[in-house]
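Report on the following structure.
The values are calculated or read from the model by the stated rules, or taken from the named source; none is laboratory data. All values reported here derive from a predicted model rather than from experimental measurement. Methodologically, a virtual Cβ is constructed for each residue, glycine included, from the backbone with ideal geometry; neighbour enumeration extends over all protein chains shown. Quick note on the areas: whole protein, heavy atoms, side chains included, nothing else; ligands and nucleic acids left out. Shrake-Rupley method; radii C 1.70, N 1.55, O 1.52, S 1.80 Å.
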Amino acid sequence: MASAPVLKRSETIAESMPDALRQSRYHMRICFSRYMSASMFLSDKNERQKVLEGLLGYILCSTQEAAVVPPFVAFAVRPNPGFLECVKVNSEDLSVDGISVSEYLQFKEMIFDEKWASNENALEVDFEAMDFSTPRLTLSSSIGNGLNYMSKFMSSKLRGSSDAAKPLLDYLLALEHQGENLMINQTLDSVSKLQAALIVAEVVVSAFPKDAPYQDFQQSLKRLGFERGWGDTAERVKETMRMLSESLQAPEPVKLELLFSRIPNMFNIVIFSPHGYFGQSDVLGLPDTGGQIVYILDQVRALEEELLLKIRQQGLSVKPQILVITRLIPQAGGTKCNQEVEPIFGTKHSHIVRVPFKTEKGVLPQWVSRFDVYPYLERFAQDAADKVLEYMDCKPDLLIGNYSDGNLVASLMAQKLGITLGTIAHALEKTKYEDSDVKLKELDPKYHFSCQFTADMIAMNTADFIITSTYQEIAGSKDRPGQYESHVAFTMPGLCRVVSGINVFDPKFNIASPGADQTVYFPYTEKQKRLTSFHPAIEELLYKNEDNNEHIGYLADKKKPIIFSMARLDTVKNITGLTEWYGKNAKLRNLVNLVVVAGFFDPSKSNDREEIAEIKKMHSLIDKYQLKGQFRWIAAQSDRYRNGELYRCIADTKGAFIQPALYEAFGLTVIEAMNCGLPTFATNQGGPAEIIVDGVSGFHIDPNNGDESSNKIADFFEKCKTDADYWNKMSATGLQRIYECYTWKIYANKVLNMGSVYGFWRQMNKEQKLLKQRYVEAFYNLQFRNLARNVPIPGFTPSVQTPSA
Ligand code: UDP
Ligand code: LCN
């Protein structure tokens, strides 16, 4: 296939395509006429080769999708991540015209809803049209590196004169905590006064030993107009003052970013995660309750630790507060999700606060799926705002949303109270279902995607910054568009045509990958830390030769290494796929046993459609491939300490972790396993493809090619038999990768810096922000609210509903 860079930089697809078509006009005509008759495209090998040669091959390989509307074929070409160009080719004369995104979407709509496509007054949504002063990145390779770019852009805006630096002065003058000024007070009300005072202050502070506490010179600085917040020691105060002096004189991006990492502007954070059973115990493995909860609880611990460190280094004695706002579920089925407040384990000042979903009939008592939460969110946002103010006694400094529902609620509150907003998606649902936009009519009754995609656009466009776990989440890879990228242009026939939903080159996008709690997931080699008290239970879990509520199947040969997987029993997690690969591969079955932790065994206990189907499939695979004796199926496990030890016990067998998902947004289990020193094979579809460097820190497997994947796993174990050190090497390189890139410490530092820098940018960019916000508000009021009203509210279930685990 064509791989050479055949497009000249200066040329658009529309300019280069005519030449490309001319190169093999005869074959092209055949090919396009087949398109028209909708017969198999490129069925003849000879023609296929001709067509895929050269520039046209390159264009076709970069084509994301094509719509055939005789006599035209409209192509949406994606030459590089984030770039989209549309053309139409007339199949009769092979003429080529560039078309706008809107025209392309109309072609696509023609196939699904002709009436809507030809409606001249169809609603077009264009967020880019509302945003002309925000800078944009231009390189695919820079996508996700927004913080760095913003520092450069802000430095250039602040440079040149005292007037240019004034926004920085105003920002510092407004800093306060509970009515007390921080850093400077109103005596320093001009850039020149501040600059002069900084020079004197540096001299004052220099007279003290480096480790002298702030109190020793507090009064002298106060007389000059300085307040607390510069640092805890003379050395730190001097460094921060120097950073500010230099930034006022001629700002440099790196120093400006460093300065913002020190400014005392963040003490109270609110994190939103309404849906699911959000709790600290007995909730994992329930439908909709998976990694998002693990992520948020670890995130809170990491953020609190980092906040405490920063506050101490700022020389302040403020108590930070972090609240996680979630749904209160009266019928909590034995979990604590019916309690209003719960302190978060492992933190000093952080809490879960639960607010119920209210309807006209009162509080909704039962759990509802994440797809059905939209009618409750507006009221929830109001109630949540009241609760937050009641608990915090002040406005928070930063809001962080999670997933479509949490992001929408956080957006509403950020707008209302004027607070900096960061959003997180975990997974955007749009890319998980093929053609989920254009097949709206078919899918909406089941999934309410009209609400979800609308909510997603509102949140993305309200957010000051967007936190992603990987690059692929934003802009995909060479061959596959990213989750956010799929919101650049799409259409929901009958509802609206989105010609610009989000721009992946917007510097609001940042990659901050999560970690795994290293007090729970640590290497199997750290013998003195191992939780040996769990060993008898784990031994039973893995090897006890009987079926019960916790495990079925058994392992006859205890000497074999174990390949292990753990996930919710969703279709997309593909645990049934892994079971089938194993069942089919005699070589692999000879080498290793298979153990999976997933869901539970009785389909009648589930109220989740997908889960029921997967449970049934698991049972049929066990029979079909006669797996008993080599395979153990363990029900969902919710004790993370025991799970940590379980990964390590699998490592003791010299086994491996397998993550076979059809698509995985990030994949926390992958980094948990790697943290425990377990060599890991993970899907090449999504986040794990970035976490693991194939063959170096683990292995990629193709979930759509089971034979290839199971052979790759078998080859590894065969190699381990002949090369005794190979297993240890892969274990060590996996760990190295984690320590370099995937820790909560790195994450917390980055996210707090984002809150600080984007909070300032929000002030600098006030007018632009307001303009866009007005558009977002109109979209919310005129579109979202109607859609949410159409989502049915279920009858209240009278009795206590037990979660399905
Ligand atoms: N998990 C668990 N018990 C289970 C299944 C999963 O404790 O039975 C945990 C797992 O250790 C991980 C999280 O749930 O921390 C799953 O996160 P991941 O990102 O792998 O997938 P998600 O469920 O979020 O799609
Ligand atoms: C949701 C997912 O599907 C996973 O891929 C992530 O790891 C998890 O959330 C945490 O972000």
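Could you check Gln195 against (1) under 21 Å from Leu398 (Cβ atoms); (2) of a type in the set (S, T, N, Q); (3) assigned to a helix (DSSP H, G or I) and say which number it fails? Just one mismatch for Gln195, condition (1).
Selection of region 129-139 for residues being modelled with pLDDT of 95 or more and crowded, with 18+ Cβ neighbours inside 10 Å yields only Leu137. Number of residues in region 493-516 that are over 22 Å from Phe666 (Cβ atoms), in contact with a Ser or Thr (Cβ under 6 Å, 6 or more places away or on another chain) and of a type in the set (A, V, I, L, M): the value is 2.
Okay, residues lined up against (1) more than 16 Å from ligand 2 (Cβ to nearest atom); (2) on the phi > 0 side of the Ramachandran plot; (3) of a type in the set (Gly, Ala, Ser):
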residue: Asp288; (1), (2), (3): no, yes, no
residue: Val318; (1), (2), (3): yes, no, no
residue: Thr326; (1), (2), (3): no, no, no
residue: Gln331; (1), (2), (3): yes, no, no
residue: Cys337; (1), (2), (3): yes, no, no
residue: Glu340; (1), (2), (3): yes, no, no
residue: Val353; (1), (2), (3): yes, no, no
residue: Glu360; (1), (2), (3): yes, no, no
residue: Pro365; (1), (2), (3): yes, no, no
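Taking (1) within 16 Å of ligand 2 (Cβ to nearest atom); (2) out of contact with any Lys or Arg (no Cβ under 8 Å at 6 or more places or on another chain) in turn, Ile691 satisfies each apart from (2). When Val670 is tested against the conditions (1) under 16 Å from Ser565 (Cβ atoms); (2) within 14 Å of ligand 1 (Cβ to nearest atom); (3) in contact (Cβ under 8 Å) with a residue 40 or more places away in the chain, the lone failure is (3).
Would you mind stating whether Ala732 is assigned to a loop (DSSP other than H, G, I, E, B) and surrounded by fewer than 17 Cβ atoms within 10 Å (Cβ to Cβ)?
Details: assigned to a loop (DSSP other than H, G, I, E, B): no; surrounded by fewer than 17 Cβ atoms within 10 Å (Cβ to Cβ): yes.
Against the criterion (assigned to a loop (DSSP other than H, G, I, E, B) and surrounded by fewer than 17 Cβ atoms within 10 Å (Cβ to Cβ)), Ala732 does not qualify.
In summary, Asp282 fulfils each of the numbered conditions (1) under 30 Å from Val520 (Cβ atoms); (2) more than 16 Å from ligand 1 (Cβ to nearest atom) with the single exception of condition (2). Of the helices (runs of 4 or more DSSP H) lying entirely inside region 597-682, those containing at least 2 residues that are more than 16 Å from ligand 2 (Cβ to nearest atom) and surrounded by fewer than 24 Cβ atoms within 10 Å (Cβ to Cβ) are 609-624, 640-652.
Taking the criterion of being assigned to a loop (DSSP other than H, G, I, E, B) and open to solvent by 10 Å² or more (accessible area, probe 1.4 Å), the residues of region 478-492 that qualify are Lys478, Asp479, Arg480, Pro481, Val488, Ala489.
Given the criteria out of contact with any helix residue (DSSP H, G or I) (no Cβ under 7 Å at 6 or more places or on another chain), of a type in the set (Asp, Glu) and in contact (Cβ under 8 Å) with a residue 12 or more places away in the chain, does Asp570 qualify?
No.
For the condition under 22 Å from Leu569 (Cα atoms) and away from ligand 1 (no atom under 11 Å from the Cβ), what is the one hit in Pro688, Pro679, Pro660? After ruling out the rest, the residue left standing is Pro660.
For Lys527, the conditions (1) over 24 Å from the mean Cα position of the chain (by Cα); (2) open to solvent by 10 Å² or more (accessible area, probe 1.4 Å); (3) in contact (Cβ under 8 Å) with a residue 24 or more places away in the chain are fulfilled apart from (3).
Residues that are open to solvent by less than 10 Å² (accessible area, probe 1.4 Å) and within 24 Å of the chain's Cα centre (by Cα) within region 307-356 comprise Leu307, Ile322, Leu323, Val324, Ile325, Thr326, Arg327, Ile344, Ser350, Ile352, Val353, Arg354, listed in sequence order. Scanning region 285-306 for residues that are in a helix (DSSP H, G or I) and within 16 Å of ligand 1 (Cβ to nearest atom) turns up Gly291, Gln292, Ile293, Val294, Tyr295, Ile296, Leu297, Asp298, Gln299, Val300, Arg301, Ala302. In summary, Ser436 fulfils each of the numbered conditions (1) away from ligand 1 (no atom under 16 Å from the Cβ); (2) hydroxyl-bearing (Ser, Thr, Tyr); (3) in contact (Cβ under 8 Å) with a residue 40 or more places away in the chain with the single exception of condition (3). Checked against (1) closer than 30 Å to Lys395 by Cα; (2) open to solvent by 20 Å² or more (accessible area, probe 1.4 Å); (3) within 16 Å of ligand 1 (Cβ to nearest atom); (4) in contact with a Ser or Thr (Cβ under 7 Å, 6 or more places away or on another chain), Arg262 passes all but a single condition, namely (3).
Per-residue answers, yes or no, for (1) away from ligand 2 (no atom under 16 Å from the Cβ); (2) at negative phi; (3) outside any loop (DSSP other than H, G, I, E, B):
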residue	(1), (2), (3)
Gly406	no, yes, yes
Asp435	yes, no, no
Thr454	yes, yes, yes
Arg497	yes, yes, yes
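Scanning region 393-435 for residues that are open to solvent by 40 Å² or more (accessible area, probe 1.4 Å) and closer than 23 Å to Gln783 by Cα gives Gln415, Lys416, Gly418, Thr431, Tyr433, Asp435. A single entry from Asp211, Asp170, Asp189 fulfils the requirement of being under 28 Å from Lys395 (Cα atoms), assigned to a loop (DSSP other than H, G, I, E, B) and under 43 Å from the mean Cα position of the chain (by Cα): Asp189.
Among the residues of region 307-325, none qualifies, meaning not one is outside any strand (DSSP E or B), closer than 28 Å to Gly515 by Cα, within 16 Å of ligand 1 (Cβ to nearest atom) and at pLDDT 95 or above. The residues on offer are Val572, Val499, and the sole one that is under 22 Å from the mean Cα position of the chain (by Cα) and not charged (D, E, K, R) is Val572. Scanning region 104-125 turns up at least one residue that is touching a residue at least 60 places away in the same chain (Cβ under 8 Å), surrounded by 15 or more Cβ atoms within 10 Å (Cβ to Cβ), among the polar types (S, T, N, Q) and in a helix (DSSP H, G or I).
Residues being of a type in the set (D, E, K, R), buried (at least 18 other Cβ atoms within 10 Å of the Cβ) and at pLDDT 95 or above are represented in region 210-227 by at least one member.
Hey, among Arg640, Arg648, which residue is touching a Lys or Arg at 6+ places or on another chain (Cβ under 9 Å) and basic (Lys, Arg)?
On the way: Arg640 fails: touching a Lys or Arg at 6+ places or on another chain (Cβ under 9 Å).
Just one listed residue meets the conditions, Arg648.
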